[in-house]
Structures are given as C-alpha cells and as structure tokens.
Amino acid sequence: MREVNVSIITDNIKEMCIEANHFLTDDMKNVFENAVKNEESALGKQVLGQLEENLKIAGEDMIPICQDTGMAVVFINVGQDVHLTGGDITDAINEGVRRGYVEGYLRKSVVKDPIYRENTKDNTPAVIHFNIVPGDKVDITVAPKGFGSENMSRVFMLKPADGIEGVKEAILTAVKDAGPNACPPMVVGVGIGGTFEKCAYLAKKALTRDLNEESPVEYVRNLEKEMLEKINKLGIGPGGLGGTQTALAINIETYPTHIAGLPIAVNICCHVNRHSHRVI
C-alpha cells in the first residue's frame with residue numbers, strides 16, 4: 001500500500017490549471033500546425049495566423065490563451081493500492097483549482113447556483129470524475145472547459161435502427177448547428193453507447209485522448225477519419241469565416257449499451273482544447 005498525501009494532489013492540480021490555460025499540449029500543436037499548412041482559404045489562413053500569434057503571446061507573456069479560462073473538469077484515476085492521507089480528496093482537488101485560478105490570475109467563471117447566479121470568486125467547485133483502477137499511482141487530467149463551445153454540445157437518444165448512418169448524421173448536425181459559435185477550428189469529442197449520462201462522459205473524455213493515438217477499434221478509426229473529412233467539407237472554416245479547416249480532429253469513444261437504445265453525445269471544444277495530464 002502506497003501512501004499519498006492529498007496536499008501533493010492539491011499542488012499538482014494548481015499547477016495544471018495554470019499550465020493548461022497557457023500552453024497547448026504537443027498533440028494539439030501538431031494538428032494546429034497541420035491546419036495552418038492545409039487551409040485553402042486566404043481568409044482562413046489569416047485567421048489561423050492570428051490564432052497562432054495569440055498562442056505564442058500566451059506562452060511567452062503568461063497570458064491565458066483565451067479570456068474564458070473555463071470550468072475545471074478533473075478526471076482522476078486512483079490506484080486501488082493507494083492510501084490517500086491528510087484530508088478529503090474532493091476538498092484537495094477543489095483547493096488546487098482555487099489556488100490555480102486565484103494565484104494564476106485566471107478568470108473566475110463559476111456561479112454557486114444555475115439560477116441564482118452568484119460567482120464563487122475562485123472558480124470552484126470543479127467537475128470531478130473519479131475512477132478506481134489497479135495499481136499504486138494517481139493519474140490526473142485537468143481540462144478547463146470554456147462554455148462557448150460547451151453550449152454547442154448535444155446529446156441524441158437514437159434508436160438502434162438509426163445505426164451508423166444515424167450516428168454520422170447526429171455528429172454533422174451538432175457541428176453544423178454549432179457553426180462559428182464553437183470558435184472553430186474545433187476538436188470534436190463523441191461518445192457512443194452506455195446511457196444518457198455515460199455517452200456524455202465518454203464524449204468529454206474523448207477530448208482528452210492524445211490526438212496522435214488512433215482508436216484500437218477498426219470501425220471507430222474509420223468513422224473518425226470519415227467524419228473529420230465530412231466536417232471539413234462543411235465550409236464553416238476558421239473563425240466561422242469559411243475555409244477547409246473546420247475541425248482539427250475528432251475522437252470517438254464507445255461503450256456497451258441497452259438493446260433498445262443508441263445514445264450519442266457530441267462534446268465540441270474550441271481550437272485550444274485545453275488539458276494537462278500528470279501521473280503521481
């Protein structure tokens with residue numbers, strides 16, 4: 001049994017909130033650079049050039065990539081051979097978010113209640129997804145999620161008879177409806193299967209999968225490639241001003257489901273797709 005003091009998790013969460021809001025991950029840098037090379041529209045190239053300059057300034061001057069520094073979403077896989085000490089793990093995660101947003105001078109965007117909208121003033125609480133896994137490590141992903149793109153996300157409760165063509169239509173519908181509001185070029189996370197809430201979780205988790213990693217499932221790999229091509233033929237383009245690079249990537253995750261259902265969630269993220277990953 002390995003002991004981990006929750007203060008270590010707090011310290012890492014704080015750093016990860018700041019890191020994710022200032023720097024792209026390597027996989028995001030790669031797909032963004034490819035988009036700059038492949039964009040065919042002159043206006044689209046100009047928009048991508050401005051976004052590229054913004055990313056450079058953010059990293060050099062430690063200014064957030066986007067003014068919407070997001071609601072902190074935390075995926076934490078705790079090894080079953082880990083004994084967490086020193087306090088409550090949920091409190092420790094939220095304390096890390098609080099310190100990251102306060103000490104990192106990041107915008108505080110969370111309200112205490114969805115109807116009576118008083119700001120919490122420290123961007124807590126986070127949305128936390130716990131998972132118990134084999135081993136003695138703590139695996140953490142922090143993904144600050146801005147709401148321009150979050151508001152464009154969708155859940156479709158399809159019927160089994162809708163099949164793969166229904167899935168394709170749902171993805172395209174979500175992207176077309178999002179249009180310029182999701183700050184394209186976008187990254188599209190898709191969850192298929194499970195239940196109403198499980199497919200939404202899968203779609204969110206899909207956004208954090210390394211974009212250089214292909215799905216181990218052949219039909220999913222093929223679907224990702226097909227849908228990226230179809231999305232980029234929609235002509236929405238960078239900034240919604242037209243072009244060939246509407247999406248940088250699409251990641252799809254699947255899960256077993258009920259004989260009577262075919263749930264699908266489409267979680268759309270903007271061109272920065274912020275996340276930071278560490279293993280403690």
Tell me yes or no: at least one residue of region 102-110 is assigned by TED's automatic domain parsing to the domain that holds residue 6, in contact with a Ser or Thr (Cβ under 9 Å, 6 or more places away or on another chain) and of a type in the set (Ser, Thr, Tyr). yes
Index of the failed condition, residue 84 passing every other in (1) touching a helix residue (DSSP H, G or I) at 6+ places or on another chain (Cβ under 6 Å); (2) under 22 Å from residue 272 (Cα atoms): (2)
Checked region 227-239 for anything surrounded by 17 or more Cβ atoms within 10 Å (Cβ to Cβ) and in contact (Cβ under 8 Å) with a residue 60 or more places away in the chain; matches are 231, 236, 237, 238, 239
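Restricting the search to region 35-51, which residues are under 14 Å from residue 243 (Cα atoms) and exposed (fewer than 14 other Cβ atoms within 10 Å of the Cβ)?
Quick first cut of region 35-51, residues under 14 Å from residue 243 (Cα atoms) only: 35-49.
Hits for region 35-51 are 37, 40, 42, 49.
Residues are listed down the side, and each one gets a yes or a no for (1) in contact (Cβ under 8 Å) with a residue 12 or more places away in the chain; (2) out of contact with any Cys (no Cβ under 6 Å at 6 or more places or on another chain); (3) assigned to a helix (DSSP H, G or I):
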position	(1), (2), (3)
179	yes, yes, yes
184	yes, yes, no
190	yes, yes, no
199	yes, yes, yes
204	yes, yes, yes
209	yes, yes, no
214	no, yes, no
220	yes, yes, yes
225	no, yes, yes
Yes or no: region 236-243 includes at least one residue that is under 24 Å from residue 196 (Cα atoms) and outside any strand (DSSP E or B). no
Can you tell me which residue in region 172-220 is surrounded by the most Cβ atoms within 10 Å (Cβ to Cβ), limited to those that are small (Gly, Ala, Ser) and in contact with a Pro (Cβ under 7 Å, 6 or more places away or on another chain)? 194
Condition check for residue 54: surrounded by fewer than 18 Cβ atoms within 10 Å (Cβ to Cβ) and under 20 Å from residue 199 (Cα atoms): no
Could you list, in sequence order, all residues of region 76-115 that are surrounded by 13 or more Cβ atoms within 10 Å (Cβ to Cβ) and of a type in the set (S, T, N, Q)? 77, 90, 94, 109
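The values are calculated or read from the model by the stated rules, or taken from the named source; none is laboratory data. All of these numbers come straight from a predicted model, not from anything done at the bench. Every residue, glycine among them, receives a Cβ derived from its backbone with ideal geometry; neighbour counts consider all protein chains shown.
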